[in-house]
Structures are given as structure tokens and as C-alpha cells.
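To start, the structure under review is shown below, and the notes come after it.
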Amino acid sequence: MDFIDKELSFLDKKRKGYKMLKETIEIVFQRGGKTSLYIDVFPQVGQKYGKSGQCVERDIRYLLKKGGCELSSKKFIKSVIEKLWF
């Protein structure tokens, strides 16, 4: 998904939250946006990386903050998904 890479281009790819954020966006998009980040997606991504869902959300939030994004992780993910649909 090249579009996701373009949307995340302002973020540091070397930070651990980058891959988690990209995976989270892909999962939410595949599920049509009808999923709970905190109950379903973050724990699923965390399992892959040996982390809790809370750690995944924290790493994504930190990544966005360091990239200068003022949106919460949930709002940022939602905005990217909306752009993918249109």
C-alpha cells in the first residue's frame, strides 16, 4: 500500500511504532473500518511484536508526537482510513 507510506512519510521509519502503525492501518482498512482499535487491533499487532495492546498504542502515540502530529493515534488512523476510501 504505497498510499499509506505517503501518508506516513513525515514519520521516522526507524522508530518501532512505525511498523505497528502501518500494520494497524492495514488491518483496519481490511476490516472496512468496523473494528475496535483498543479491543481488537492493538492487541493483535502487539501479539506479533511481543507487546501488549497498550504498548502498541503508546509507541504509535509517541511516533506521532515526535513527527509533529497533534492528532491522537485513533484520530490519525481514522483520518488515513478515510483518505484510503476516497
### Summary
Placing +1 on each Lys and Arg Cβ and -1 on each Asp and Glu Cβ in the chain, then taking the dipole about the Cα centre, the residue among Phe86, Ile27, Leu64 whose Cα reaches farthest towards the positive end is Leu64
### Under Karplus coefficients 6.51, -1.76 and 1.60, residue-wise ³J(HN,Hα) of region 49-62 in Hz, glycine/proline x
9, x, 10, 7, x, 5, 5, 4, 4, 4, 5, 5, 4, 5
#### Entry: In range of the label at Lys78: residues from region 1-41 whose backbone nitrogen is under 18 Å from the point 7 Å along Cα→Cβ
24-41
### Query
Taking the structure as given and computing P(r) over Cα pairs in 5 Å bins from 0, in percent, which label from (i) 3, 16, 30, 27, 19, 5, 0; (ii) 2, 11, 14, 14, 16, 20, 15, 7, 1; (iii) 3, 12, 10, 13, 12, 12, 10, 8, 6, 5, 4, 3, 2, 1 fits?
(i)
### Task
Choose one answer from Leu63, Leu71, Leu21: the residue with the largest mean-square fluctuation in a GNM of the chain with alpha-carbon springs under 10 Å.
Leu71
### Query
How much accessible area does Asp5 have with a 1.4 Å probe, in Å² rounded to the nearest 10?
50
### Task
Pop the C-beta distance of Ser36 and Lys14 into the FRET formula with R0 = 35 Å and round what comes out to the nearest 0.05.
0.75
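The values are calculated or read from the model by the stated rules, or taken from the named source; none is laboratory data. Note that the coordinates shown come from a computational prediction; the quantities given were computed from them, not determined experimentally. Virtual Cβ from ideal backbone geometry, glycine too; neighbours counted across all protein chains shown. For accessibility, only protein heavy atoms count, side chains too; no ligands or nucleic acids. Shrake-Rupley method; radii C 1.70, N 1.55, O 1.52, S 1.80 Å.
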